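Everything on this sheet refers to the single structure shown next.
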Amino acid sequence: MTIEIDHVSLSVGDYEGAKRFYTAALAPLRMGIIMEVPSSMTGSVDACGLGADNKPFFWLTASGKTPRSHIAFRAESRAQVDAFYKAAIAAGGKDNGGPGIREMYHPTYYAAFVLDPEGHNIEAVCHKPE
């Protein structure tokens, strides 16, 4: 049996800014906003779910607080990692480790790291050989 994470949620201080950043940065990974849930439905905060194939699995919540987090998104290819990095930087992210092999994890661990506008460390990683 394989156990997978079903979804993850990130609390953000600038909800609209986070939506803009993640919509642009995650587009190369085939991700986009699939669902938005207003505070009138959640009872507390606005939220949106990003994902692919009609499944939201990465949620942003407008909590007004920003605890720092690290999230790694699996990419299908090294080209997707490169495209993620370029899109995230263009969307306002800051370099935290450009695309490349990270042999300390394993010989084909190809990843890029970007700090989002609120300081979260966002990674795209491909485990496949070139």
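In the chain, Cα pairs under 8 Å separated by at least six residues give a relative contact order of 25 percent.
With a Förster radius of 22 Å applied to the beta-carbon distance between residue 35 and residue 69, the computed FRET efficiency rounds to 0.60.
Could you work out the local net charge near residue 32, counting Lys and Arg as +1, Asp and Glu as -1, over the other residues with Cβ closer than 14 Å to its Cβ? Please list the in-between numbers first.
Values: positive: 19, 20, 30, 55; negative: 36, 53.
Neighbour charge sum, excluding residue 32 itself: +2.
In plain terms, the bigger the Kirkwood radius, the slower the diffusion; for region 1-73, with that radius from Cα pairs, at 20 °C and 1.002 mPa s, Stokes-Einstein puts D at 168 µm²/s. Using a probe of 1.4 angstrom and keeping all protein chains present, the accessible surface of the chain works out to 55 square angstrom per residue. Applying a DSSP loop filter and a limit of 12 other Cβ atoms within 10 Å to the trypsin sites (Lys or Arg not before Pro) in region 27-130 leaves 30, 65, 68. Only lysine pairs 8 or more places apart or on separate chains count here, and in the chain those with Cα atoms under 26 Å apart total 11. Solvent-accessible surface of protein heavy atoms, probed at 1.4 angstrom with all chains present, puts 53, 116, 6, 82 in the order 53, 6, 82, 116, largest first. The fraction of accessible area contributed by carbon and sulfur in the chain is 54 percent, rounded to a whole number (1.4 Å probe; ligands and nucleic acids excluded). To the nearest 10 degrees, how steep is helix 15-26 against the longest Cα principal axis of the chain, on a 0 to 90 scale? Helix 15-26 and the main axis of the chain meet at about 30 degrees.
The values are calculated or read from the model by the stated rules, or taken from the named source; none is laboratory data. Quick caveat: nothing in here was measured; it's all calculated off a predicted structure. Backbone-built Cβ (ideal geometry, glycine too); neighbour counts: all protein chains shown. Heads up: the accessible areas ignore ligands, DNA and RNA and are worked out on the full protein's heavy atoms, side chains in. Shrake-Rupley method; radii C 1.70, N 1.55, O 1.52, S 1.80 Å.
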